[in-house]
Amino acid sequence: MPTFLFRSVPVVAALLAAFAVAPVLAQSCTPAIAKGELVTEGKLALSTNPTLRPLQYIDETGALKGMNIDLGNEIAKRLCLSVEFIRMDAQAMIAALKSGRFDGIDTGMFWTEERSKVMYTVPYALSAIDIVAAPASKAKFTSSDELTGLSIGVESDSYQERWLKGREADNVAKGRKTLKILSFPTASDVMAALRAGQLDLAAFPNYAGGDFVKRGQAVMVLPTQGSSPTMMSFRSKPVAEAVSKVMTDMRNDGTYDKVLDQYGMTKLPEKVIAIRGPGPM
């Protein structure tokens, strides 16, 4: 036998062994969600709006990155599913979820009681609102009561928009100068308007506000207002329950802490992650 053929035998044997083992490994992973609960069997389809660093964004190479993307990938892996991220505007997500276009929303949406009645909501972290200004601004505030007589930009149909409307209602009730609230489709649009001088201030979830400040695109003028849970949401209760269990497992084995610490996100005080609210009524 030629020498080169003899030396190749161990390599060939190793390759054959690898191919023989691969099907066994694949078969040992059984999807944790019953048939009929997912839009597409074997796949967890999640919507995301990649305009909000560091939760979800497109990097310089065009890749989808961020904390929620990391969490979605890990959840799908533990459920023995592939994952698909569907990019779309946040305002359209709830209607699209209810119509069955995808299985869940993974875009850092704030939890509210109203939302918990139209989908199965799973809070997994805490967030608040940061009020920021353009880098050259000298503005500083000590209380939300001082947010009067100014224009402030915000992402439309968001928790922070609702919070600002509550502050404006308080201004009117107390005879203060009004606050002009301007809504934009995405956080990126809000930031563009702020930097173009079209706004006095902008309101972002604190993970995004802090990131804009860190990158020198804004200065902080009033941090951590209106704290509220951040959630994932699902159309199917069994899917939401399976995700809750996986995230509790991640909390117990340290993966949850590692991911949230990497992105500077505040953890839930509860040790068990679970559905909050009644779900669709």
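Filtering MET67, MET119, MET109 for residues that are modelled with pLDDT under 95 and closer than 24 Å to VAL272 by Cβ leaves a single hit, MET109. Being hydroxyl-bearing (Ser, Thr, Tyr) and in a strand (DSSP E or B) is the filter here, so list the residues in segment 233-248 that pass it. SER233 - this is the single residue of segment 233-248 that is hydroxyl-bearing (Ser, Thr, Tyr) and in a strand (DSSP E or B). Filtering segment 40-82 to residues that are touching a residue at least 40 places away in the same chain (Cβ under 8 Å), surrounded by fewer than 17 Cβ atoms within 10 Å (Cβ to Cβ) and part of a loop (DSSP other than H, G, I, E, B) leaves GLY42, CYS80.
Just one of the listed residues (LYS138, LYS180, LYS165) is modelled with pLDDT under 95 and over 16 Å from the mean Cα position of the chain (by Cα), and it is LYS138. Check segment 178-199 and report whether any residue there is hydroxyl-bearing (Ser, Thr, Tyr), touching a residue at least 24 places away in the same chain (Cβ under 8 Å), in contact with a Gly (Cβ under 8 Å, 6 or more places away or on another chain) and loosely packed, with under 15 Cβ neighbours inside 10 Å. Yes.
Only residues that are more than 19 Å from the chain's Cα centre (by Cα), over 19 Å from PHE110 (Cα atoms) and not acidic (Asp, Glu) were counted across segment 183-221, and they come to 18. What about ASP103, is it of a type in the set (Asp, Glu), farther than 21 Å from GLU155 by Cα and surrounded by 15 or more Cβ atoms within 10 Å (Cβ to Cβ)? In short, yes.
If you go through segment 113-139 and keep only what is surrounded by fewer than 16 Cβ atoms within 10 Å (Cβ to Cβ) and polar (S, T, N, Q), you end up with just SER137.
The values are calculated or read from the model by the stated rules, or taken from the named source; none is laboratory data. What you are looking at is a predicted structure, and each value in this text was computed from that prediction instead of being measured. Here Cβ is always computed from backbone atoms with ideal geometry, including for glycine, and neighbour counts include all displayed protein chains.
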